[in-house]
Each structure stands twice: as structure tokens, then as C-alpha cells.
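S.K.: Below you will find the structure I want to go over with you.
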Amino acid sequence: MPGVRRANADDISDAVALVLSSAPVALERLFSQQTEHNNYHAKSFLIRAFAQKAGQFGYGNHWVIEIDNKIAAIGCGWQFEMGEAYVKATLESMTSYYQGVDVLEVLHRCQALQPVFARPAADELCVGHIGVAEAFQRQGLCSQLLAHLESTAYTLGKRKLTLDVKQDNAGAIDCYQQFGFELVRITQDTSIMSLGTYVHMCKLL
């Protein structure tokens, strides 16, 4: 079975497609935006952000599984101690794409989702952007990524793995439950984006 490795800038095409597939509605509503002078697209933003190593969407924050020269699966992990450099790089990825005051609308939407996607606690590693290419689904790649992130959490001294998943994503929830995640809470997005209902799940380490 192919191993998990750090993503790199050369992975950008397959990787961004899989990141988008991990939360297509949420990412589109967060990062696609039409203004009087500009038309922004989530995919274009993610391509630019992934090309930068640092930040939430940078390639340095992601792990991939490569099969036959294609990125078959992707995932990442966030922790409380990401630090000022991580926050700065994430903001720079936005300000380098959205022009002038247009970025304020994006930041406002991101802030509005904080009740749904809470910042990880100090003892948690929060798993995100889990995507598996259709041709490689049901082959254990999701569990392989989760096992790698669990090992990373142990190394970092964390006590929990956490994640948020759309309530109607039955396939993903089944994978997470089989890996040992349990439901903690259900949250309805009441922001202007109306993203629906999300399940917060946790696995004790």
C-alpha cells in the first residue's frame, strides 16, 4: 500500500480538486464572490493559496497519498498552537487574491462560521480537508490518512482527534465511526451562508 507523504507544490492540480471535494458547498460559498469589478472563484483562490507552503490552505499543511502518479487522497490537521506565522500566511493568501476591501467580505464569512467550526483546543488535533478521488474510494485510504494524523497527534502530545462533517455525508461519517470517532454535538449553521447541519466528532487517544 502506498504511504502517506507531505504534499508539495507539484501536487497542486489534483490536490486542490480533492480539497474542493471535501466540502464543495462550504468552500464555494466562502470563497466565490462577485463584486462590481471582480469575479472571484473558490478554485482560483485555492490554487493560489495551495501554491504557498504556509497557511491553512498551503501545501505544507497537507498530507497526501499518491497512486500511479496521481494524488488519490488528501487531508490536513490544525492545532491550537499554529501560531502567528500560520495566521499571517493564511491572511496573506486571501489579501493576495481578493482585491482591496473585497477581502473583508471573505473574512466576515469566515468569522460567521466560528460557531460551527470551533478552533481546536490545546489538547486536540483537528482533522480537515479529507478528500479521496472517486477512482480510489472504498480502498481504505481515508482510514490510512486518519491513522497518519492520529500518529501525528500522538507525536504532538495531543489527547484527541476532532473533525466536523456535514450531517448528510453518510459515507464520511461511516468511515470516521469505523475509525473510532464518536459524535459530540450537532450544530446548525445560522449564518447568511446557510450551510446546513454539521456533526462534530471526536476520538480519544
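The values are calculated or read from the model by the stated rules, or taken from the named source; none is laboratory data. The shown structure was predicted, so the numbers you read here are calculated from the model rather than taken from an experiment. All Cβ positions, even for glycine, are placed from backbone atoms using ideal geometry, and neighbour counts span all protein chains on display.
S.K.: What number of residues in region 169-187 are surrounded by 11 or more Cβ atoms within 10 Å (Cβ to Cβ) and either among the charged types (D, E, K, R) or touching a residue at least 60 places away in the same chain (Cβ under 8 Å) (or both)?
M.R.: Here the count works out to 3.
S.K.: While we're on this one: Looking at Ala49, Ala42, Ala72, Ala7, which one is closer than 18 Å to Gly131 by Cβ, over 15 Å from the mean Cα position of the chain (by Cα), buried (at least 18 other Cβ atoms within 10 Å of the Cβ) and not hydroxyl-bearing (Ser, Thr, Tyr)?
M.R.: Sole residue among the options that is closer than 18 Å to Gly131 by Cβ, over 15 Å from the mean Cα position of the chain (by Cα), buried (at least 18 other Cβ atoms within 10 Å of the Cβ) and not hydroxyl-bearing (Ser, Thr, Tyr): Ala72.
S.K.: Right, here's the next one. With the checklist (1) surrounded by 13 or more Cβ atoms within 10 Å (Cβ to Cβ); (2) touching a residue at least 24 places away in the same chain (Cβ under 8 Å) in hand, flag the one item His37 doesn't pass.
M.R.: Every listed condition holds for His37 apart from (1).
S.K.: For residues that are part of a loop (DSSP other than H, G, I, E, B) and β-branched (Val, Ile, Thr), tally how many sit in region 31-77.
M.R.: So the first thing to find is which residues in region 31-77 are part of a loop (DSSP other than H, G, I, E, B), and the list is 32, 35-38, 41, 52-58, 68-69.
Checking the rest, the ones that are also β-branched (Val, Ile, Thr) come to 35.
So the count comes out to 1.
S.K.: List pairs: first residue in region 69-95 and aromatic (Phe, Trp, Tyr), second residue assigned to a helix (DSSP H, G or I) anywhere in the structure, Cβ distance under 9 angstrom, at least six positions apart or on different chains.
M.R.: As it stands, the answer is Trp78/Asn61; Trp78/Tyr86; Tyr86/Asn61, since those pairs meet every condition given.
S.K.: Does region 27-40 contain any residue that is touching a Ser or Thr at 6+ places or on another chain (Cβ under 7 Å) and either within 27 Å of Val101 (Cβ to Cβ) or modelled with pLDDT of 95 or more (or both)? Full working, then the answer.
M.R.: In the first step, residues of region 27-40 are kept if they are touching a Ser or Thr at 6+ places or on another chain (Cβ under 7 Å); the result is 40.
From what's left, either within 27 Å of Val101 (Cβ to Cβ) or modelled with pLDDT of 95 or more (or both): 40.
Yes - at least one qualifying residue is present in region 27-40.
S.K.: What tally of residues in region 95-119 results from selecting those that are surrounded by 18 or more Cβ atoms within 10 Å (Cβ to Cβ), touching a helix residue (DSSP H, G or I) at 6+ places or on another chain (Cβ under 8 Å) and over 20 Å from Ala7 (Cβ atoms)?
M.R.: 3
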